[in-house]
Each structure stands twice: as structure tokens, then as C-alpha cells.
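S.K.: Dropping a structure here in C-alpha cells format, bear with me for questions.
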Amino acid sequence: MKKLNGIKLKHRKNTENSSTVDFPVPSKVTIPMSMTMGAPCQPLVKVGDTVAVGQMIGDTDAAFSAPVHSGVSGKVTAISDYRNAMGTVCKMIEIETDGLQTISDEVKPPVVTDKESFVKAVRQSGACGLGGAGFPTHIKLNPKADIDTLIINAAECEPYITADYREMIENPQDIINGINMVKSQLGIKSAKLAIEANKPEAIKNFTAMAENDDTIDIITLPSAYPQGAEKVIIYNSTGRIVNEGSLPADAGVIVMNVSTVAFLYRYMQTGMPLVTRRLTIDGNAVGEPKNVRTVIGTSFRELLEFCKADIPSIKKLIAGGPMMGMSVPDIDMPVVKTSNALLAFNHYDERKTSNCIRCGRCVRVCPLGLMPADIDRAYKIRNIEELKQLKVMLCMNCGSCTYVCPANRKLAETNQLAKALIPRK
């Protein structure tokens, strides 16, 4: 089976051997009510209320969402509007911590007796895709189609990020237990743990752990970006194609991030919801790159100070990886559920764009075989029918086309603007 296209990037996994360190409980946290795909939550607390660790502080009746919990104990000091990096506005709860980290009475292992109660427990945990997409996990684990394969995405193919890798090194048994738990609860026959080849220690460890389990295959993926993209990892692991407009479940597959499946196992044992995140803090403006575990709501500024970053020198701050991450407009923005990295750089080269030279590099590297240069042209003349024919909706915004373009054209960005022109059904 031929593997899908991709590009070779310098891995820059500077923190791969850096064990996770815990960030001290901050004096204040700010927790947005929208941290996943789907509807934002509404606050369940008011100013002046006392909250505890693990307490649910935000929820909604909308099906496509996930509740929000507090990772600290303390007092609610403000509820205000918050604008994220995408420009979306939601409510945000500010909590002044008391340093006691009192555990809420709500924190108790869920009672799971069948698939329905399992999916309900997953929702109560606040879980979402921890690889960065933020898809509510309870939706993913309750598909309408029959599923025969569970794929655990352990590629972590973007440069710098090692948060998932540290999960694999530090908590391998939680991952295996989580895989078996999901398979059992959903009646899935087999699982594939897909790891990129630049993580040999993890591959060796999991191969040994799964040696006597014929329901878990350890798959070594070539070290090429974007191996971790959902459609790519499905094809490269199973040979199955997810068609335009279809979901992985339509191909009989569920894909879960490796840190998500480990978290779910721990939640079922302890009842502690998703209130912390491990982030890789790196970049040439960071004096001491680290993998840091902190409560959701901690400000980026505090994490950068913790890692000895030269904050005045920072020219570019990225939440996530350099290929698919988001530029951070405010250094005091908080850690959210989908935060897996914070990259700070003391230089930023905004290269001048020139005319397309029709070299075809963008076509050759696109994992899905799209034609970014043609999409760019169709977008400029607002030809919606041609954009549909060019399958722009398949674009997963991996950024490979922008990366290789000798004319420095922002092709991946244009693809996203082109998607917005096509009416949703």
C-alpha cells in the first residue's frame, strides 16, 4: 500500500527527554466556556461562589459540546466576555485560588454498566481530542455506523511538540488500559497504535507490551508530516479512504489521540475530569524548554516565565505547532483543553509574496492530492462551482502547500477562506 504524500521537516524535538514537571498552582485562573468544537457552555457559578477542584462550572444542553470544570479551589471573582484567537466570543470565569486545592464532592469514579452509561461518563469528564482539534470525545465514541477498528493517533508529527511522547514514555500502561477499555465498551475488535518512526523508544516499549495481545497492532509510520492528520493516519494504518463529507466512522474507524485515551482510563478510575494539560514550552526565546503540566486557565505569560523565556524579545508566539498552530494575540491568554504546546520565537521572517510560477510543488506535497494553486485562482474570482470541483472542503489545513511554495504564497490560508465561500447544507 502506497503511503500518502507529505513533507520532511526538521523534528526539533528538543524536549523529548524532558520529563513532565508540574507548574505550581497559580494565584488566579481564567477559564473560557468554549474550549472544544461545538456550542459554548454557560457558567453554572456566579461571582462570589466558592469552587473546588473537579467541580463542573460550565455546561450546556447542546449535544455537540463538553462541560467545563475547575482545576483549582477558590472564589469566583469575575465572569466576563472572552475573545479567543479565532475571534469567537464566549463567557470566561475568573477564579482566585486559595492554595488548598480542595477536591469537589462531585469527583468520584463513574458507574459504568453499558455503552450508554460509558458515553455519558465520557461526556461528564469534559474530554475532547487532546491533539489540538478539540472534537468532543463522547460524540466520537457514540457513532451511528459499525466500528471494527480503533486507531490511536500517536504520530505527533509537528516539530517541537513532545507532549504526547511524554505521555507514551511516562504512562504507557494507562494508554494500553485505555485502549482495551474503549474496545470493550464499544465492542471494537481491534486497535492500531500508530507511532511515527522518530519515536523508537515508544515503539519498542509498546511492541513489548502488546506482544501477547493479538487485538492491538503497533504500527510504525514514516517520519513525514502530516502523519497525524485524521484522513492520513486512517489511510496509512488501514488503507481505507474517508470520502469527502464522510466521517471516519463511515469507514468503520474511530481515531483517538493517545493522550485522550490515557486520560479517559484515569478518569474512569478516579472521577477527576479534564482540568490539567501537559504543554511543550519551546522556541528560541525560551531559556529552559520543558514539558509542563498545569491547570487549565493558567496564563501563557506565567508558563513562559517559568521556562525562563525572554518575554520582551518575543516576536512570534504560537499556541500549538509551527505548521497548524495559532498565533497568540495576547500573552496573557489562558491554557485551554486543546493546548499542547507554546512556542516563543525572537524573530519572525514575513517573506514577500510573488506571483505563482506554476512549479507544482504544492500539488506534489498535498496529502490529499488537491491543487492549491488552482484553488487560489478560483478563490480570487469567487468561482464557487470550481472550488467545489477542486474539492477544497477536503483541505485539512496542514500547511504543507504554504511551506513548500517558492513564491511564499499563503495557499493553506487561502484554502480556508475558500471553504467559507461554499454554502453549508
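S.K.: Roughly how big is the chain's charge dipole about its Cα centre, with Cβ charges of +1 (Lys, Arg) and -1 (Asp, Glu), in debye to the nearest 20?
M.R.: Dipole of the chain, to the nearest 20 debye: 1580 debye.
S.K.: Hey, any idea what % of the range 338-425's accessible area is carbon plus sulfur with a 1.4 Å probe?
M.R.: Roughly 53 percent, rounded to a whole number.
S.K.: Let a ≥ b ≥ c be the square roots of the eigenvalues of the Cα gyration tensor of the range 115-270; is it rounded (a/c under 1.5), or, if not, prolate (a/b larger than b/c) or oblate?
M.R.: Rounded is the answer for the range 115-270, as its axis ratio a/c remains below 1.5.
S.K.: Give me the aspartates and glutamates in straight-line cross-link reach of residue 10: C-alpha distance below 17 Å, same-chain residues under 8 apart excluded.
M.R.: Leaving aside aspartates and glutamates fewer than 8 places away in the same chain, those within reach of residue 10 are 156, 158, 196, 282.
S.K.: Here's another thing I want to ask about it. Have a look at 253, 268, 131 and report the one farthest towards the positive end of the charge dipole of the range 115-270, computed about the Cα centre with Cβ charges (Lys/Arg +1, Asp/Glu -1).
M.R.: 268
S.K.: Amide H of residue 128 versus every other amide H placed in the peptide plane: which residues, excluding those fewer than 5 positions away on the same chain, fall under 5 Å?
M.R.: 137
S.K.: Which helices, counted as full DSSP H runs in the chain, have an axial Cα extent of no less than 15 Å and a Kyte-Doolittle average of -0.5 or above?
M.R.: 172-186, 258-270, 411-421
S.K.: At 1.4 Å probe radius, can you tell me the per residue accessible area of the chain in Å²?
M.R.: 45
S.K.: Quick check: the distance between the Cα centres of the range 118-157 and the range 235-289, to the nearest angstrom?
M.R.: 8
S.K.: Ignoring ligands, DNA and RNA, please state the percent of accessible area on the range 6-99 from carbon and sulfur, probe 1.4 Å.
M.R.: The nonpolar share, carbon plus sulfur, comes to 49 percent.
S.K.: So for the range 115-270: antiparallel DSSP bridges make up what percent, rounded to the nearest 5?
M.R.: Beta bridges within the range 115-270, antiparallel portion: roughly 5 percent.
S.K.: Compute a Gaussian network model of the chain, connecting alpha carbons closer than 10 Å, and tell me which residue from 130, 411, 44 fluctuates the most.
M.R.: Maximum fluctuation in the GNM of the chain, among the listed residues, is at 44.
S.K.: Right, here's the next one. For each cysteine in the chain, check whether another cysteine's C-beta sits under 4.7 Å from its C-beta; list those where none does.
M.R.: Among the cysteines of the chain, those whose Cβ sits 4.7 Å or more from every other are 41, 90, 128, 157, 307, 356, 359, 366, 395, 398, 405.
S.K.: Then there is this: Given 227, 194, 414, which one lies farthest toward the positive end of the charge dipole of the chain, if we put +1 on the Cβ of every Lys and Arg and -1 on the Cβ of every Asp and Glu?
M.R.: In the chain, that residue is 414.
S.K.: Out of residues 5 or more away from residue 58 or on other chains, whose amide H comes under 5 Å of its own, with H placed 1.01 Å from N in the peptide plane?
M.R.: Sorted by chain and number, the residues that satisfy this are 44, 68.
S.K.: Excluding residue 43 itself, calculate the net charge of residues whose Cβ lies under 15 Å from the Cβ of residue 43, where each Lys or Arg counts +1 and each Asp or Glu counts -1.
M.R.: -2
S.K.: Let me ask something else. What is the set of long-range amide H partners of residue 340 at a cut-off below 5 Å, with H atoms built 1.01 Å from backbone N?
M.R.: 320
S.K.: Further question on the same structure: What dipole magnitude, in Debye to the nearest 20, does the range 361-421 give about its Cα centre under +1 on Lys/Arg Cβ and -1 on Asp/Glu Cβ?
M.R.: In debye, rounded to 20, the range 361-421 gives about 80.
S.K.: Only one of the values [x] 0.97; [y] 1.48; [z] 0.93 was calculated from this structure for Cα Rg over 2.2 N^0.38 Å; name its label.
M.R.: Computing Cα Rg over 2.2 N^0.38 Å and matching it to [x] 0.97; [y] 1.48; [z] 0.93 gives [x].
S.K.: Turning to a different aspect of this structure: Going through the cross-link list 8/316; 183/204; 13/419; 8/91; 115/337, which pairs have a Cα-Cα distance over 29 Å in this structure?
M.R.: In this structure, 13/419; 8/91 lie more than 29 Å apart at Cα.
S.K.: Leaving out ligands, DNA and RNA, what percent of the accessible area of the range 115-270 is carbon and sulfur, probe 1.4 Å?
M.R.: The computed percentage sits at 47.
S.K.: Cβ under 12 Å from residue 413's Cβ, residue 413 left aside: what net charge do those residues give with Lys, Arg +1 and Asp, Glu -1?
M.R.: Combined, the nearby Lys, Arg, Asp and Glu give +2.
The values are calculated or read from the model by the stated rules, or taken from the named source; none is laboratory data. As the structure is a computational prediction, the values presented were derived from the model and not from experiment. Here the Cβ is made from the backbone with ideal geometry for all residues, glycine too, and neighbour counts use every protein chain on show. The area values use the complete protein model at the heavy-atom level, side chains included, leaving out ligands, DNA and RNA. Shrake-Rupley method; radii C 1.70, N 1.55, O 1.52, S 1.80 Å.
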